[in-house]
Amino acid sequence: MSVGPCICRKTTLGESICMSKQIPLVIWGASGHALVVADIVRLQKSYEIIGFLDNMNPHRHGTEFCGARILGGDEQLERLLGEGINHILLGFGDCRARMELTSYLETKGFNLPTAIHPHAVVARDVILGAGTVVAAGAVINPGTRIGKSVIINTAASVDHECSIADAAHICPGVRLAGCIRVGRATQIGVGAIVIEKITIGSESVVGAGTIIVRDVPDRVVVYGNPPGIAVKQI
């Protein structure tokens, strides 16, 4: 079946939006992780990235980034909604900020889609929350539940029946065995390994390369390998 011509319109800031093919979307963030998110979105082909938001670097507003413009900061949200642009993804790694912004954006009326790289493997019964990003080479096995605005980063593996709460970040190369519980806004660092049936609390950080063999409480930094794991309260 042939596809009709693309009908485009301009927003008040001059972004061109194709109305007939893709849903317009904005990415909040304009650094390394935003590059990854943008690549996944474009590979999915369901959304058109019309721009990025960056609260941290006002001097970059109006400049080009990753094939689109940095539109401004959060002052752009009302304008975007007014023009019918209500899909947004978070493209930065700060877990606590992602947790807070997810709630804020949903309250304002934004939709946060999922972004799944075509070379990720996600079992059919996995539940993915709004705004979750699954990067290239990641594997999520059956029975797993993932919260909102979670990052399952490059080549990370999440085995069967895990539960990962909102805004957690499973960094590149992490290995989670089966039946792991990860609390909200917790980061598990690059290459860390967690054995089966472990619970890791909320707002904690597991250092890169750490091997976790016992439960981790809320709001601590854990690093090193057994038997000398160091724990620092935060």
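The values are calculated or read from the model by the stated rules, or taken from the named source; none is laboratory data. Owing to the predicted nature of the structure, the values given are computational and were not obtained by experimental measurement. We place every Cβ from the backbone using ideal geometry, glycine too, and count neighbours over all the protein chains shown.
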Gln22: at pLDDT 95 or above and either in contact with a helix residue (DSSP H, G or I) (Cβ under 8 Å, 6 or more places away or on another chain) or surrounded by fewer than 22 Cβ atoms within 10 Å (Cβ to Cβ) (or both), yes or no? no
Only unsatisfied item for Val221, checking (1) out of contact with any Pro (no Cβ under 9 Å at 6 or more places or on another chain); (2) within 27 Å of Val37 (Cβ to Cβ); (3) at pLDDT 95 or above, is (3)
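Could you pull out the residue among Leu53, Leu80 that is crowded, with 21+ Cβ neighbours inside 10 Å, more than 26 Å from Gln187 (Cα to Cα), outside the structural domain of Asp218 (by TED's automatic domain parsing) and not charged (D, E, K, R)? Please lay out each step first, then the result.
Details: Leu53 fails: more than 26 Å from Gln187 (Cα to Cα).
Being crowded, with 21+ Cβ neighbours inside 10 Å, more than 26 Å from Gln187 (Cα to Cα), outside the structural domain of Asp218 (by TED's automatic domain parsing) and not charged (D, E, K, R) holds for just one of Leu53, Leu80, which is Leu80.
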Of the conditions (1) surrounded by 16 or more Cβ atoms within 10 Å (Cβ to Cβ); (2) over 15 Å from Arg184 (Cβ atoms), the single one that Thr107 does not satisfy is (1)
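Results for (1) surrounded by fewer than 24 Cβ atoms within 10 Å (Cβ to Cβ); (2) out of contact with any Gly (no Cβ under 6 Å at 6 or more places or on another chain); (3) of a type in the set (Ser, Thr, Tyr), shown as yes or no for each residue.
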position: Lys148; (1), (2), (3): yes, no, no
position: Val174; (1), (2), (3): no, yes, no
position: Ile195; (1), (2), (3): yes, yes, no
position: Ala208; (1), (2), (3): yes, no, no
field: Test: Ala185 is surrounded by 17 or more Cβ atoms within 10 Å (Cβ to Cβ), on the phi > 0 side of the Ramachandran plot and aliphatic (A, V, I, L, M)
entry: yes
